[in-house]
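Visitor: Quick one: the structure is below, and I'll ask about it shortly.
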Amino acid sequence: MTNLYYPTSPKSLPSSLTKLPFSYLLKSLLSILAIVLFFALYVSMVVGLGYLFYYAIIYDMGYINKLTIIMKVGAIAGAAMLFVFSLKFVFKLKNHKPNNRILLKKDEQTDLWNFIEKICKETGAPRPKNIYLDPDVNAYVAYSNMWLSLFLPVRKELTIGMGLTDCLNLSEFKAVISHEFGHFSQRSMKIGSYIISANTIIHNMIFERDKWDDTLDQWRASDIRLSAAAWLITPIIWLIRQMLNLFYQFLNVMYSSLSREMEFNADKVAVKTSGSDAIISALWKLNGGSAAWHNTLNHAILAAKKNLFVENIYINNALALEREADNQAQLLKGLEDDKRGGKIYFTNSDHSKVGMYASHPPNDKREHNSKTPYVACKADTRSPWVLFGKKEKLQAAMTLRIYDLYLQKKPTDFVKTKVLEDFITSETQGAHLAKEYDNTFSNRFLQIPNKQKLNGQMASLTASEDVLKQLKTEIIGLMQPIHEIEELMVKAQEIAQGTTKVKTFSFNGIEYSKKNLENGYNYLLNKREEHFNLSFEDWDTRFCAFFTLLAKKEGKETTLAKIYAQHQAITFLYRSVTSTKNNILNKVTELQNKGEITKEQVHGLTASVKDSFRSLNQEVNDLDQLHFMEMPNVESIEELKEALVENSQFKIENGLIFENGGFQNMMNQLETTIYNCQRIEQKSISCILLFHKELELNLVA
């Protein structure tokens, strides 16, 4: 085959570069022993419970009377329930196939398949059964059938993300694919399948509640003469679940340790084909590539809700990456030189923000592993898209699939790329101005004062540049304790994730470690909220009063008042939806903590949830009373309501919502609306800051 599209491999390699270390072999052995132990115990449990069921059927009743008949039936039913409990996961076995992929046929994508086969030859890995494309910044290898792979030599499949292809060069792409084929060649990958299977069994038995649990609940609620067996097996079920939960944690600790070694070895395979720099520079680029892709995707979905569909979303993604190219080049140039070779890309133990690498070892550890020893290799800066035939056709097909998956729409009329670009530009209009106020409005609400407080404050202010400078200086001081709290929140997250050597953090004289980390994190959240509520009100009043004073001088006071009023209404709904969600969850928790729950209590909670939604719908309808002020991409009150709440109304599910799935649907509505409110609230802040900037420019002039 031709080497036209195959980047140069390293000219010389250490003989032991990809040799498995003793720690890898030891952890593989320990993981295998853990799996054997689990399945031995599990099979023993199934056989034991099966025999118990059999014995319950055949044992001699002795005297036959009403009591012995009830005991016999109860014993059979109880043993049957225990036996079904041990096997209930079988009824849910499915070989899940992602629905967001496109199969790449070998006769249509010969260059890509040849490229992959060349990597297979170089890494010694078996060829994949299929190659797929998915839309994201992604690449992974998986068995074509996980459950069959436990017993048969099932071939694996490779999935390549189109977002990943967008943001890497050809050498980096080769390194990432080589990393995946490093997993292809690892026999220990099958250990992962067994552990995933074990986790599926345990998770189903411990955490999932289904018709089996409903049947047991209903049985316990019946007459005590009939339900005695149900009450008898309840503590047995609890004991089994506790034991399995311990095994669940043990298995995952064992496998996470092995998984770390597997990732390091797969990185070594990438170094073998592409040199030390390619896999690390790819990892460095992927965070930015992922951010660009999700930004493009989110904006495309928002635009689609206004019936603005593009034929090829990946053109817009390429433009997003192009806009960041100069900044990325400057960041790359600013990286320190590594004495081993190349640049130092990572200086701390952050984990990758990209989903495909989020569970991998920390970035700096991966860089050290890939550069020990350093292997030089010439970089090929071409785009990986050179490997794909008819790339525009593939991108257009994936774009249609995205619209279908996310919006259940199949558009036939499309706008030009520039229309979506204009939408994106408009959507982010004014966001840059938040930096002038130390991004104070990113995590808190602007507290707009009433007219009386506003007028009182205006009387003590002058429309001067000095006052504005003082406001900007003061906000930096007010934000200082907020930044300190947020730094501690990040540290708490790092301790929880194990990505830092630090084991504790202190706040207000109290030290927090892993044992009380959740309490410490929640305390930080509460203190931050307390600062927001108590420390910023006076500043917010003077901030609004100052610009109202400027607006009055320009004859624009009424316009600014309408912008403020609209922002207050958006904020009020945002707070109300968040409060409603929290109140409902608190009521559910309180009810669960009471133990046995009556039908009347469930009906009462159902009525309360539905009443809460009716109140929210009234608040949405109250927006009609606003004097609407246009915002970017929101051009009417109807569009504002639609942007905040799907179909401009909260859907109140019918019937017994805690039994028919309606409750979860309603909670999902609240989650979606909170996300929407956050977007619109920040858009409203941008509109305020833009209007302020116009007034400020006039002040400077």
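The values are calculated or read from the model by the stated rules, or taken from the named source; none is laboratory data. What you are looking at is a predicted structure, and each value in this text was computed from that prediction instead of being measured. We place every Cβ from the backbone using ideal geometry, glycine too, and count neighbours over all the protein chains shown. When the accessible area is computed, the model is the full protein with side chains, heavy atoms only, and any ligands, DNA or RNA have been set aside. Shrake-Rupley method; radii C 1.70, N 1.55, O 1.52, S 1.80 Å.
Visitor: Determine the pairs where a residue that is at positive phi, located within the stretch 54-80, has a partner that is modelled with pLDDT under 90 with Cβ atoms under 7 Å apart, the partner being 6 or more residues away or on another chain.
Guide: 62/68
Visitor: Kindly list, by first and then second residue, each pair from a residue in the stretch 499-511 that is of a type in the set (Phe, Trp, Tyr) to a residue that is part of a strand (DSSP E or B) and modelled with pLDDT of 90 or more, limited to pairs with Cβ atoms under 7 Å and residues at least 6 apart or on different chains.
Guide: 505/512
Visitor: Of all residues in the stretch 360-385, which are basic (Lys, Arg), in a helix (DSSP H, G or I) and in contact with a helix residue (DSSP H, G or I) (Cβ under 7 Å, 6 or more places away or on another chain)? Step through it out loud before you land on a result.
Guide: Let us first name the residues in the stretch 360-385 that are basic (Lys, Arg), namely 365-366, 371, 378, 382.
After this cut, where a residue has to be in a helix (DSSP H, G or I) as well, the list is 365-366.
Result: 366, single match.
Visitor: Related question: If you check 676, 665, which single one turns out to be over 28 Å from residue 443 (Cβ atoms) and touching a residue at least 12 places away in the same chain (Cβ under 8 Å)?
Guide: Values: 676 fails: over 28 Å from residue 443 (Cβ atoms).
The conditions single out 665.
Visitor: Can you tell me how many residues in the stretch 386-428 are of a type outside the set (D, E, K, R) and part of a loop (DSSP other than H, G, I, E, B)?
Guide: If we filter the stretch 386-428 for residues that are of a type outside the set (D, E, K, R), which is where we start, we get 386-389, 394-400, 402-403, 405-408, 411-412, 414-415, 417, 419-420, 423-426, 428.
Okay, now just the ones that are also part of a loop (DSSP other than H, G, I, E, B), so 388-389, 408, 411-412, 414, 428.
Total satisfying the criteria: 7.
Visitor: Hey, could you check the stretch 469-492 for residues that are more than 28 Å from residue 697 (Cα to Cα) and of a type in the set (Asp, Glu) and say which is most open to solvent (accessible area, probe 1.4 Å)? Even if it seems obvious, please write down each step before you answer.
Guide: Filtering the stretch 469-492 down to residues more than 28 Å from residue 697 (Cα to Cα) leaves 481-492.
Retained after the next criterion (residues that are of a type in the set (Asp, Glu)): 484, 486-487.
Values: 484: 94, 486: 46, 487: 125 Å².
Per the stated criteria, the residue is 487.
Visitor: Conditions: (1) in contact with a strand residue (DSSP E or B) (Cβ under 9 Å, 6 or more places away or on another chain); (2) part of a helix (DSSP H, G or I); (3) at pLDDT below 95. Residue 494 meets all but one. Number of the miss?
Guide: Answer for residue 494: the failing condition is (1).
Visitor: Can you find a residue that is at pLDDT below 95 and either of a type in the set (Lys, Arg) or surrounded by 17 or more Cβ atoms within 10 Å (Cβ to Cβ) (or both) anywhere in the stretch 330-337?
Guide: yes
Visitor: Counting only residues that are of a type in the set (Phe, Trp, Tyr) and under 25 Å from residue 413 (Cα atoms), how many does the stretch 287-346 have? Break it down stepwise before answering.
Guide: First, the residues of the stretch 287-346 that are of a type in the set (Phe, Trp, Tyr): 293, 309, 314, 345-346.
Cutting the leftovers down to under 25 Å from residue 413 (Cα atoms) gives us 293, 309, 314.
Final tally of qualifying residues: 3.
Visitor: Further question on the same structure: Could you check how many residues of the stretch 82-118 are in contact with a helix residue (DSSP H, G or I) (Cβ under 6 Å, 6 or more places away or on another chain) and either open to solvent by 80 Å² or more (accessible area, probe 1.4 Å) or at pLDDT below 85 (or both)?
Guide: Residues in the stretch 82-118 being in contact with a helix residue (DSSP H, G or I) (Cβ under 6 Å, 6 or more places away or on another chain) and either open to solvent by 80 Å² or more (accessible area, probe 1.4 Å) or at pLDDT below 85 (or both): 3 in total.
Visitor: Just checking: which of the helices (runs of 4 or more DSSP H) contained wholly in the stretch 154-211 hold 2 or more residues that are out of contact with any His (no Cβ under 7 Å at 6 or more places or on another chain), modelled with pLDDT under 70 and among the small types (Gly, Ala, Ser)?
Guide: Working: elements: 162-167, 170-184, 189-206.
Helices (runs of 4 or more DSSP H) meeting the threshold: 189-206.
Visitor: Related question: Does any residue in the stretch 524-541 that is open to solvent by 50 Å² or more (accessible area, probe 1.4 Å) come within less than 8 Å, Cβ to Cβ, of a residue that is of a type outside the set (A, V, I, L, M, F, W, C) six or more places away or on a different chain, and which pairs are these?
Guide: Partner pairs satisfying both residue conditions: 531/481; 537/447.
Visitor: Still on this model: Output the residue which, of all residues in the stretch 392-416 that are farther than 16 Å from residue 160 by Cα and polar (S, T, N, Q), is farthest from the chain's Cα centre (by Cα).
Guide: 412
Visitor: What are the pairs, 6+ residues apart or on separate chains, where a residue within the stretch 415-435 that is open to solvent by 50 Å² or more (accessible area, probe 1.4 Å) has its Cβ under 6 Å from a residue that is part of a helix (DSSP H, G or I)?
Guide: 431/686
Visitor: Now for a separate question. Quick check on this structure: which one of 366, 382 is basic (Lys, Arg) and buried (at least 17 other Cβ atoms within 10 Å of the Cβ)? Explain how you work it out, then say what you get.
Guide: On the way: 382 fails: buried (at least 17 other Cβ atoms within 10 Å of the Cβ).
Just one listed residue meets the conditions, 366.
Visitor: Among residues belonging to the stretch 436-460 that are closer than 29 Å to residue 483 by Cα and among the hydrophobic types (A, V, I, L, M, F, W, C), point out the one that is most open to solvent (accessible area, probe 1.4 Å).
Guide: In this case the residue turns out to be 445.
Visitor: Moving to a separate point now. Looking at (1) of a type in the set (Ser, Thr, Tyr); (2) closer than 30 Å to residue 362 by Cα; (3) exposed (fewer than 12 other Cβ atoms within 10 Å of the Cβ), find the lone condition where residue 521 falls short.
Guide: Against the list (1) of a type in the set (Ser, Thr, Tyr); (2) closer than 30 Å to residue 362 by Cα; (3) exposed (fewer than 12 other Cβ atoms within 10 Å of the Cβ), residue 521 comes up short only on (3).
Visitor: Just to be sure I understand the filter: pairs with C-beta atoms under 7 Å, separated by 6 or more residues or on different chains, first member in the stretch 17-41 and over 14 Å from residue 259 (Cβ atoms), second member of a type in the set (S, T, N, Q) and assigned to a helix (DSSP H, G or I). Which pairs pass?
Guide: 18/265; 20/265
Visitor: Could you tell me which residue of the stretch 562-579 is nearest to residue 449 (Cα to Cα), considering only residues that are in contact (Cβ under 8 Å) with a residue 40 or more places away in the chain and open to solvent by 50 Å² or more (accessible area, probe 1.4 Å)? I'd like the intermediate steps shown before the answer.
Guide: First pass over the stretch 562-579, keeping only residues in contact (Cβ under 8 Å) with a residue 40 or more places away in the chain: 562-578.
Filter once more, keeping what is open to solvent by 50 Å² or more (accessible area, probe 1.4 Å): 562, 568, 572, 575.
Working: 562: 13, 568: 10, 572: 14, 575: 17 Å.
Top of the filtered list is 568.
Visitor: Is it the case that residue 667 is within 26 Å of the chain's Cα centre (by Cα), surrounded by 14 or more Cβ atoms within 10 Å (Cβ to Cβ), at pLDDT 95 or above and within 27 Å of residue 298 (Cα to Cα)? First the steps, then the outcome.
Guide: Details: within 26 Å of the chain's Cα centre (by Cα): yes; surrounded by 14 or more Cβ atoms within 10 Å (Cβ to Cβ): yes; at pLDDT 95 or above: yes; within 27 Å of residue 298 (Cα to Cα): yes.
Yes: the conditions hold for residue 667.
Visitor: List every residue pair whose Cβ atoms sit under 6 Å apart, with the two residues 6 or more apart in sequence or on different chains, where the first one lies in the stretch 601-614 and is open to solvent by less than 40 Å² (accessible area, probe 1.4 Å) and the second, anywhere, is not in a helix (DSSP H, G or I).
Guide: Going by the 6 Å Cβ cut-off, the qualifying pairs are 606/657; 610/652; 613/650; 613/652.
Visitor: Within the stretch 585-605, identify whether any single residue is assigned to a helix (DSSP H, G or I), of a type in the set (S, T, N, Q) and within 30 Å of residue 458 (Cα to Cα), and answer yes or no.
Guide: Step one: list which residues in the stretch 585-605 are assigned to a helix (DSSP H, G or I), which gives 585-593, 599-605.
Now narrow it down to the ones that are of a type in the set (S, T, N, Q): 586, 589, 592-593, 601.
The next check asks that each one be within 30 Å of residue 458 (Cα to Cα); those that pass are none.
The answer is no, given that none of the residues of the stretch 585-605 is assigned to a helix (DSSP H, G or I), of a type in the set (S, T, N, Q) and within 30 Å of residue 458 (Cα to Cα).
Visitor: Does residue 7 meet the test of being surrounded by 12 or more Cβ atoms within 10 Å (Cβ to Cβ), assigned to a loop (DSSP other than H, G, I, E, B) and on the phi < 0 side of the Ramachandran plot? If you could, list the steps in order and put the result at the bottom.
Guide: Values: surrounded by 12 or more Cβ atoms within 10 Å (Cβ to Cβ): yes; assigned to a loop (DSSP other than H, G, I, E, B): yes; on the phi < 0 side of the Ramachandran plot: yes.
Against the criterion (surrounded by 12 or more Cβ atoms within 10 Å (Cβ to Cβ), assigned to a loop (DSSP other than H, G, I, E, B) and on the phi < 0 side of the Ramachandran plot), residue 7 qualifies.
Visitor: Consider only pairs whose beta carbons are under 8 Å apart and that are at least six residues apart or on different chains; among these, list those whose first residue lies in the stretch 220-236 and is of a type in the set (Ser, Thr, Tyr) and whose second residue is part of a helix (DSSP H, G or I) and buried (at least 16 other Cβ atoms within 10 Å of the Cβ).
Guide: Note: pairs meeting the criteria are 222/230; 227/219; 227/220; 234/216; 234/220.
Visitor: Against the condition open to solvent by less than 70 Å² (accessible area, probe 1.4 Å), in a helix (DSSP H, G or I), among the β-branched types (Val, Ile, Thr) and under 25 Å from residue 229 (Cα atoms), how does residue 76 come out, does it pass? Working first, answer last.
Guide: Numbers: open to solvent by less than 70 Å² (accessible area, probe 1.4 Å): yes; in a helix (DSSP H, G or I): yes; among the β-branched types (Val, Ile, Thr): yes; under 25 Å from residue 229 (Cα atoms): yes.
Yes: the conditions hold for residue 76.
Visitor: On to the next question. One residue is enough: does the stretch 221-228 have a residue meeting the conditions among the hydrophobic types (A, V, I, L, M, F, W, C) and within 18 Å of residue 86 (Cα to Cα)?
Guide: Within the stretch 221-228, the subset among the hydrophobic types (A, V, I, L, M, F, W, C) is 221, 224, 226, 228.
Cutting the leftovers down to within 18 Å of residue 86 (Cα to Cα) gives us none.
No, the conditions are met nowhere in the stretch 221-228.
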